[in-house]
Structures are given as structure tokens and as C-alpha cells.
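Student: Structure incoming, see below.
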């Protein structure tokens, strides 16, 4: 009889635990949608129109992720884009909940909601989670990779597979995410090689994270085949890199030294020899009268873009290296909230008319389309908080080293590596934009809040007896 009562009590306690978890998950999901609710409609970006056309109308754009595009109808975009934003918020909330459960297990519901409020007010999380754009998935690549590399023993089977699926979906939603998870895996593999010399470091579980990477590649290749009936991962990488090299003046130097003089009978080595080139990547890629469109745009398939990149790299390797370092550093320190979040009325109205006409009135009535959002005031908070959080990561790593608690260094180290890796990937292979780094800046804030919730002394000086 006693055993029966104990089992009933245990089952009741577990059901209460599950109920509390679900309540917290729902509350966080709604909390992170607060910005979109304030806007009166999910936020949009310039690229949103291409994702809508691809996912809802069957078009294909080689420069846009078909995986994210297909996610739109799968999450209910035809009924309402609110369902897409809700799905993004739910996945973000779940990953945060798993981090809280593992890193700060004693944190109650009130504490968890306070962390959610802090992230919503002090960082740009709401501006990305509530935006119809894959930028919200970049942090999930970093945090999901951390859970799969270092916290697998703390994940039950269903949690493990859910984290793998969410991480894979996040990686597949943007080409730069493949480089991000790849870089984290390389660092983890190096750590495995030195693990015997690093007493206290949790040993990385490479296979779980590798599973997410392989699943993401399968999603990308399958989605590309769905649209084009050919297998490939990406065809636009050389285009964005070429645009960045043009912005740095490297392409112009190559053409000046290799293109024949005007009037010469010599055949030019590149079709771009016939066009003046701007020193602005965006002007070349997206300008209405850009020579990029005249030479075939993203649809060009003769390999000239890649050949120009290779030829310039062979001629000017130091110039390439200096430019890549400069752009990466610049990208690391550019993280203001609000980049590109402005009225997109003229750009997206045709897309709404074609794919979601019933949602057009709500879209046009949103604050983003009817008001000027004062991001200058918002960044008076977000930017200093982000800087403090970056310094806090370094402080956590220092304290972990002094105390010899390397298990507590894994999360801040992973997030810091993700921030550096994201800056290198975006700065080198595209060109710096605030939104590329801003989308990640809530992660160091979360790490500090979790460290403080786990140990009130986490950010205080280490007493001498602990050194």
C-alpha cells in the first residue's frame, strides 16, 4: 500500500513539474512576442518579400534559404504570419528553458519570467523573434550547439532529439549558420584532443552536434532539389564575397591591372571590365541600375564571380587578409538594434497582394509602416548592456580559470566563440551590418543572468582562499 501511495505521489509531483514547465514555456513565448504585439503585426525586413515569394508562391531565389521559406507555410503563414512568429518564439523559449533547467535548476517561475523580461527590455531578442526573417535562428545555432556538445547527459531522449531538430532547422535557415556550427565543431574537436590536459573541462559530445549539422545539410539539399531538381548547398556565396571585395577596392584593382584599355581589340578577361563598379556592396547587389543585374545577377552560372575571387586572392593575398581582419573586427563591434527595421511598404505590398492579400491591411496598419521607430533611444539601453555583457563573459571565464571550475566556462566560452565566429563569417564573406551581430547579442546577457541565478557571487571578485 505504501509503495502504491509513493508511486502516486511521485507521478503527481512529475505532473506538477511538467505543468510548471509548460506554463513557463507559454509565458516566455508570449513575452518574446511583446515587440511584435506592440508593432501590431510581425516585423518584416527587406528580405521578407523574397522568403514569402519563395515559400508561399513557389518562386526560387538562389540567394535565399529555401528551408526558411518552406517553414513559412509549414507554420501557418497562409492563415497568419503571427503563427510563424509564434513558432519562432516557441523554439527560442524552449532552448532557453533547457539552459535554465540545466544551468540554474533552482530558479523558480518568477525568476525565469524576470530573466525573460530583462531580455525583452534590455536586448533585441523581441525584435528578431517577432520578425519574419531567419536572423532569430542564429542564437539557437550557438545555444543548441552548446547543449549538444556539453550537456547531452542532462537531456532526456526526447529533449535531445528536439534540441537536435531545432538546431538543425536553425542551421539550415541561413548559409552563414553552416559556417558557425562548423567552426564550433572544429573548436570542440580540438578541445577533445587536449581534453586529458584540461582537468575539469566537460568532454564534448561531437556526434550529437554533428548529427544536427548533417540533418541541416540534408534539409538544405532537399529543399534546393524541391525547387530546382538539382542537388547543391549554396550558389550565392561567391557573389556576396565578391561584393565585399568590391567594397574594399580589391576587385577594382584587379580589373585595373588586367582589363585591356578602352578601344583595344584584346578580349577582356572578365565581363565586369565593361562596367564602372561602385565601392558599396549593397549598391552593386541591390541597386536598380547596378551592373550586377546587367551581367546576369544571382542567376549567372558561368563561374566568373568565383574566378574573380580566386584571381584576386592569388594576386593580393595580404590585401585580402588585411581587409578580412578589418571587416571582422568592424562586424564584431557593430551591433545596434534596428538595422533595416523600417517601413517596407513599397517593397512588400506587391508580395502581400500576391500571396497574403487578407493580411495586407494589418501589415499596412503596423507601427513599422506608419511610424518612425526611434532606435536611437532604444540603443541607449541595448548597446551599453551588450558591451557590459561582453565584458561579463570575459569575467566569467576569468573566474572559472581562477577557481578551476572549467565546467562553468563551457557556456560563456561557447557564446564568445559564436560571437567571434559570426563576426568573422559575416564580415569576411559578406560585409558588416549591425543586424548580423545584433541578432546574437542577447545570448551573452542570458549567460550572465544564468550565472548570477546559479551563484549570487558569480560576478564578484574571487576571494583569496579560492585562488
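The values are calculated or read from the model by the stated rules, or taken from the named source; none is laboratory data. These numbers come from a predicted model, not from an experiment. FYI the Cβ positions are ideal-geometry reconstructions off the backbone, even for glycines, and counts take in every protein chain you see.
Student: Being outside the structural domain of residue 282 (by TED's automatic domain parsing), out of contact with any helix residue (DSSP H, G or I) (no Cβ under 9 Å at 6 or more places or on another chain) and modelled with pLDDT of 85 or more narrows it down to one residue among 398, 433; which is it?
Tutor: Criteria check complete, one pass: 398.
Student: Check whether at least one residue in segment 209-221 is in a helix (DSSP H, G or I) and out of contact with any helix residue (DSSP H, G or I) (no Cβ under 9 Å at 6 or more places or on another chain), and report yes or no.
Tutor: Yes, because at least one residue in segment 209-221 is in a helix (DSSP H, G or I) and out of contact with any helix residue (DSSP H, G or I) (no Cβ under 9 Å at 6 or more places or on another chain).
Student: Report yes if residue 461 is more than 14 Å from the chain's Cα centre (by Cα) and in a loop (DSSP other than H, G, I, E, B), otherwise no.
Tutor: yes
Student: Continuing with this model, one more query. Which residues, taken from segment 409-454, are more than 24 Å from residue 191 (Cβ to Cβ) and not in a helix (DSSP H, G or I)?
Tutor: 430, 431, 432, 433, 439, 441 - these are the residues of segment 409-454 that are more than 24 Å from residue 191 (Cβ to Cβ) and not in a helix (DSSP H, G or I).
For (1) touching a helix residue (DSSP H, G or I) at 6+ places or on another chain (Cβ under 7 Å); (2) on the phi > 0 side of the Ramachandran plot; (3) at pLDDT 95 or above; (4) crowded, with 24+ Cβ neighbours inside 10 Å, each residue gets a yes or a no:
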{"residue": "111", "(1), (2), (3), (4)": "yes, no, no, no"}
{"residue": "120", "(1), (2), (3), (4)": "yes, no, yes, no"}
{"residue": "129", "(1), (2), (3), (4)": "yes, no, yes, yes"}
{"residue": "134", "(1), (2), (3), (4)": "yes, no, yes, yes"}
{"residue": "138", "(1), (2), (3), (4)": "yes, no, yes, yes"}
{"residue": "144", "(1), (2), (3), (4)": "yes, no, yes, yes"}
{"residue": "147", "(1), (2), (3), (4)": "yes, no, yes, yes"}
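Student: If only one of 51, 46, 68 is in a loop (DSSP other than H, G, I, E, B) and closer than 30 Å to residue 238 by Cβ, which one is it?
Tutor: Answer to the selection: 46.
Student: Return the residues of segment 72-85 that are crowded, with 23+ Cβ neighbours inside 10 Å and outside any loop (DSSP other than H, G, I, E, B); say none if nothing qualifies.
Tutor: Once the filter is applied, which keeps residues that are crowded, with 23+ Cβ neighbours inside 10 Å and outside any loop (DSSP other than H, G, I, E, B), segment 72-85 yields 72, 81, 84, 85.
Student: Could you tell me whether any residue of segment 405-418 is in contact (Cβ under 8 Å) with a residue 12 or more places away in the chain and surrounded by fewer than 16 Cβ atoms within 10 Å (Cβ to Cβ)?
Tutor: Looking for residues that are in contact (Cβ under 8 Å) with a residue 12 or more places away in the chain and surrounded by fewer than 16 Cβ atoms within 10 Å (Cβ to Cβ), one finds at least one in segment 405-418, hence yes.
Student: Oh, and also: Residue check: is residue 328 in contact with a helix residue (DSSP H, G or I) (Cβ under 9 Å, 6 or more places away or on another chain), under 27 Å from residue 279 (Cβ atoms), modelled with pLDDT of 95 or more and outside the structural domain of residue 176 (by TED's automatic domain parsing)?
Tutor: Here the answer is yes, as residue 328 does meet what is asked.
Student: Further question on the same structure: Go through (1) surrounded by fewer than 19 Cβ atoms within 10 Å (Cβ to Cβ); (2) outside the structural domain of residue 44 (by TED's automatic domain parsing) one by one and return the number of the condition residue 292 breaks.
Tutor: (1)
Student: Just one of 73, 66, 42, 134 is in the same structural domain as residue 410 (by TED's automatic domain parsing) and touching a strand residue (DSSP E or B) at 6+ places or on another chain (Cβ under 8 Å); which is it?
Tutor: The unique qualifying residue is 42.
Student: Moving to a separate point now. Let me spell it out: the conditions are (1) under 29 Å from residue 229 (Cα atoms); (2) crowded, with 19+ Cβ neighbours inside 10 Å, and residue 58 meets all of them except one. Which number is the exception?
Tutor: (2)
Student: Being on the phi < 0 side of the Ramachandran plot and free of Cβ contacts under 8 Å to residues at least 40 places away in the same chain is the filter here; which residues of segment 219-246 pass it?
Tutor: Matches in segment 219-246: 221, 222, 225, 230, 231, 232, 246.
Student: Would you confirm, using the coordinates I've provided, whether residue 88 is within 26 Å of residue 36 (Cβ to Cβ), in the same structural domain as residue 219 (by TED's automatic domain parsing), touching a strand residue (DSSP E or B) at 6+ places or on another chain (Cβ under 6 Å) and buried (at least 21 other Cβ atoms within 10 Å of the Cβ)?
Tutor: no
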